[in-house]
1. Only Lys, Arg, Asp and Glu count, each charged at its Cβ (+1, +1, -1, -1), so figure out the dipole size of the chain about its Cα centre, rounded to 20 debye.
2. With respect to the cross-link table entries K91/K296; K237/K296; K26/K63; K133/K303; K133/K372; K63/K133, which display a Cα-Cα separation exceeding 32 Å?
3. Tell me which chymotrypsin sites (Phe, Trp or Tyr not before Pro) from region 172-250 have a DSSP coil assignment and no more than 16 other beta carbons within 10 Å of their own.
4. Cα centroid distance between region 340-372 and region 45-106, in Å?
5. Solvent-accessible area per residue for the chain at a 1.4 Å probe radius, Å²?
6. How much FRET efficiency would the formula 1/(1 + (r/R0)^6) give for K133 and A193, where r is the Cβ-Cβ distance and R0 is 45 Å, rounded to 0.05?
7. Given L359, Q278, S306, which one lies farthest toward the positive end of the charge dipole of region 264-365, if we put +1 on the Cβ of every Lys and Arg and -1 on the Cβ of every Asp and Glu?
8. Between L89 and A360, what is the label-point separation in nm under the 7 Å Cα-to-beta-carbon projection?
Amino acid sequence: MRILMIIPQAFYTTRGTPLSAYHRTKELIARGHEVDILTYAVGNDPPDLAARIYRSRGPHFRKSIEAGPSRIKIWFDLLLSINLLFRLLVKRYDLIYAHEEGAFLARCARLVFRVPYIYDMHSSLPLQITDWKFSASRRVINFFGWVERVSIRGATAIVAISPAVAQVARAVDANIPIVVIINHFEIIGASDATAAAAIRARYEIGEDRLVVLYTGSFVPLQALDLLVDAVPLVVRKISNVIFLMVGGQEAEIAGLRAQAERLGVADRIIFDRNRPQQEMPAYMAAAQVLVSPRIKGINPPGKLLSYLASRRPVVATDTLVHNQLLNSRCAILTAPNAGALADGLVTALSDKNTVTNVLAEADRFLQLYGSKTARDAAYEQLFAALGAP
């Protein structure tokens, strides 16, 4: 099929939706489909992607865009909609594959061009408005709720990145085909002892140190302040622990570093900016424990399956954003407070029996959600709903 993928994001960047869209594109191409991408003018060239990328023309006024809803993003989406009409005029597509609010643009275009579309739901639009504190106005929240309902009802099928997101779609339309495809970012990169040693050397982390690693964005939604609050509690019990947090911007890092200084643990936390995705296997290999402290949202962090595949124990808060996928057998789940998170990290660092059991169950989890067989079955279900091979 000739597929036009709409990505209303800074593409390519190594965060959330752009990463998901990147891997969706690679999987569609691997299944024999021809994929063109329509996205914002901002973003980097994606590595090793056999797709044509069309960047929307027009005055974007920014060279970058932050994660989450924003006023400038509304302008970017308006430009994207104009460019979408042009793209559909110059080339005929069999299918539009739209991420997030791009589905609303696809719904509008379908009225004119009659091209069916898939809505790839990464979360709930009105929930994003509140979780990201974009607006507390009931009118704004209701408007985005209407956009979401219209987008769902006009879609030929829905791809949901988690069971909770699927429930949101099902509540709008009980009959629409919905396929859950969990984000699984298969990363090509070295993860052996040599690569791990190189990461430790980069940050001057001694061999005697136990490393707790967080990778990903530093936006407030990730609750890294909770993780920093847990650090002194862990240090009291595990004297040789060091925390490595990778993926922030300078302003975000400055705020967390100031918090660490107030708590007296600035020497126990290493902060770094975003690193290339292909380095992540080496970072995980350099750590003893991986952590995800996020509390809010219904869209699980895209890194979860990569974390589980790393052969390192995962500690995560026992909230919907995690426990709709993870359970206490494949990960160490904790109450969403600093004390409980610290206890979970201490367990992961010191209880070998628990770690052995968790890693064994993580392997079984990955077979269910992350194996090639499972993902092929999900795509076959999706295209069967479209009446396509």
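1. 1040
2. K91/K296; K133/K372
3. Y203
4. The distance from the Cα centre of region 340-372 to that of region 45-106 comes to 39 Å.
5. 43
6. So, using R0 = 45 Å, E works out to roughly 0.55.
7. Result: Q278.
8. 6.4
The values are calculated or read from the model by the stated rules, or taken from the named source; none is laboratory data. The shown structure was predicted, so the numbers you read here are calculated from the model rather than taken from an experiment. Cβ coordinates were reconstructed from backbone atoms using ideal geometry, including for glycine residues, and neighbour counts include every protein chain displayed. The accessibility values were calculated without ligands, DNA or RNA, using every heavy atom of the protein model including side chains. Shrake-Rupley method; radii C 1.70, N 1.55, O 1.52, S 1.80 Å.
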